[in-house]
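Everything below concerns the one structure shown next.
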Amino acid sequence: MTRTLRTVISPGRYVQGKGAIHRLGEYLKLIGSAPLIVTDDLVWGLVGHDITTSLKAAGLPVAREKFNGVPSAHEVDRLVDVIKATGSDVAVAVGGGSAIDAVKAAGHIAGIRWANCPTVASTDAPCSALSVIYTESGEFEEYRFFPRNPDLVLVDSQIVANAPVSLLVAGVGDALATWLEARATAQSHSQTMAGGLPTLTGTALARLSWDVLWENALPAIEAVRDRQVTPAVEKVIEANTLLSGLGFESGGLAAAHAIHNGLTAVPQTHGLAHGQKVNIGSLTQLVLEGAPTSDIREFVEFTTRVGLPNTLTEVGLSAGDDDELRTVAEAATATGETIHSMPFEVHSDDVISALKSIERFATKVREDARLPAPVRHETH
C-alpha cells in the first residue's frame, strides 16, 4: 500500500535574508529554552559574537559544543552524550552540511528538536529529514532517515556571501542534480527520500531549482566574489538550500547522488566538495540516459563556466584507472542505492562506460567553446 501514497515533507520554518543571524534567538525561543550550538572553531570565530548576542537578547542560555569535522557514527554518538549531559532541548547546527548532518542525527537519537543555521549554501542538507553518515576517513557509509524535518532553517545571506565563493559553486553542483534525479524518479515511479511516490509539488520544486540556477548562478557567483548580496545571490541561496532540499527529498534521488557516493570510495576524490562530485554524477547520469547531445554539451559548458568539474581528471582520476572506476561503479550500484530509481536497469559496467566517456567528450566541448582545459585534482 505504501507505494501508492504520495508525500511531501519540509522544515517547520525557513528564514533567509541579510542579518537573519541577529534573529536566531527569537526563532529558537519558539521551539526550545535550552539550545546547544554545535559548530567548529572557525565558524564560531566568525559568527559566535552575533549568535551569543542574539541568544542573550532572547533570554536564552549560551551553550556551545565543538564539531569535530566529519559526520561519522562516532561523532554523532559523542554529540548525543553532550546533549544529554547539558540537558539541552534543541540542537542547533551552525556551519556546513557536515555539521548539519551530525546534529540532525544526534538530535533525533537524543529525542530533542533540532535547528540548522547554515553559514554556506554548499549543499541541500539543511532542510531535509535525513543525514549522510561517513566513515572517519570520509567514505560514504549510510543514509539515516528521521521521522521529521528540522524545526527551523535560518540562513543569513550576508554570511553566505562572505564565505569562499567555491562553496556557493559546490552548492550549485549539488542543486543542479535535483531536477535531473527528480525527473528520472517521476518517470520510474520510484520511492523518494520522503518515503512515498513523488508529488507534483516535489517534482515542480526540483524543476524550479534548475531554472533559477541556469538564470542566476553566473551573476550570483560574480557578486559573491565581492561579498555582495544581490537579488541573484538571494535566489541562488534559496535554490541551493530550500528548493533543492525539498526537491531532492520529495522529488527523489537517482544516479547522480549514487555516483557521488561511489566516488567517495576512492581516496583520489577526498578533499573535493560534495557538490563537485555530484556534478560528475549528473553528467554521468545524462550519458546513461542517452540524453540529446545538445543537452549534454550545454550542461558541460554551463557547469564549466560555473566552476564545476565535469571530467575525471578534475576529480583525480582518469579513464585508465580501471580498478578505481570499478570500485566507484560497484559502490554506486550497490543494493539499495538510489541509482536503482532510474527508469531502466543500470549495472556497474554501464557506469564505468559512462564515466570513461565523459573525459574525452567534456574536454572536446570545452575546447570547442574555448573554455579552460581540465586541471587535475590532487589529494592532499
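Every number in this text was worked out from the coordinates using simple rules, so none of it is lab data. These numbers come from a predicted model, not from an experiment. Neighbour counts run over all protein chains shown; Cβ positions are idealised from the backbone, glycine included.
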The helix 97-110 Cα axis meets the longest alpha-carbon principal axis of the chain at an angle in degrees, between 0 and 90 and rounded to 10, of 50 degrees
Note to self, the chain gives a 222 nm [θ] from helices alone (DSSP H runs n ≥ 4, -39500 (n - 2.57) apiece, / all residues, nearest 500) of -16500 deg cm²/dmol
The distance between the Cα centres of region 191-235 and region 240-313, in whole Å, is 15 Å
Listed by chain and number, the lysines with an alpha carbon less than 19 angstrom from that of Lys235, same-chain partners under 8 positions apart left out, are Lys18
Whole-number value, in Å³ per residue, for the convex hull of the alpha carbons of region 98-211 is 124 Å³
With R₀ set to 35 angstrom, the calculated FRET efficiency between the beta-carbons of Lys18 and Asp323, to the nearest 0.05, is 0.10
Per the rule of 0.36 nm per residue minus the C-alpha distance, extending Asp368 to Ala57 adds in nm 106.2 nm
Extend 7 Å from the Cα of Arg78 along its Cα-to-C-beta direction; within region 87-117, residues with backbone N under 20 Å of that point are 87-88, 91-111
One checks the Cα atoms of region 164-368 and finds Rg and Dmax, in Å, of 15.9, 46
Extension length gain for His270 and Glu378 (0.36 nm per residue less Cα distance), in nm, is 38.0 nm
Lys and Arg at +1, Asp and Glu at -1: neighbours of Gly32 with Cβ under 10 Å from its Cβ sum to 0
Beyond 24 Å, the calculated P(r) of region 1-113 holds a percent of Cα-Cα pairs equal to 27 percent
For the chain, percent of DSSP beta bridges that are antiparallel (nearest 5) comes out at 20 percent
Other residues with Cβ under 13 Å from the Cβ of Val315 give, with Lys and Arg +1 and Asp and Glu -1, a net charge of -3
Among the Cα-Cα pairs of the chain, the proportion with separation greater than 39 Å, in percent, is 12 percent
Any lysines whose Cα falls less than 16 Å from that of Lys84, other than same-chain ones fewer than 8 residues away, would be Lys66, Lys104
Residues other than Phe140 with Cβ under 11 Å of its Cβ, Lys/Arg counted +1 and Asp/Glu -1, net out at -3
Helix 274-289: inclination vs the chain longest Cα principal axis, degrees, rounded to 10, gives 40 degrees
Dividing the surface of the Cα convex hull of region 50-150 by four yields a projected area in nm² of 6.2 nm²
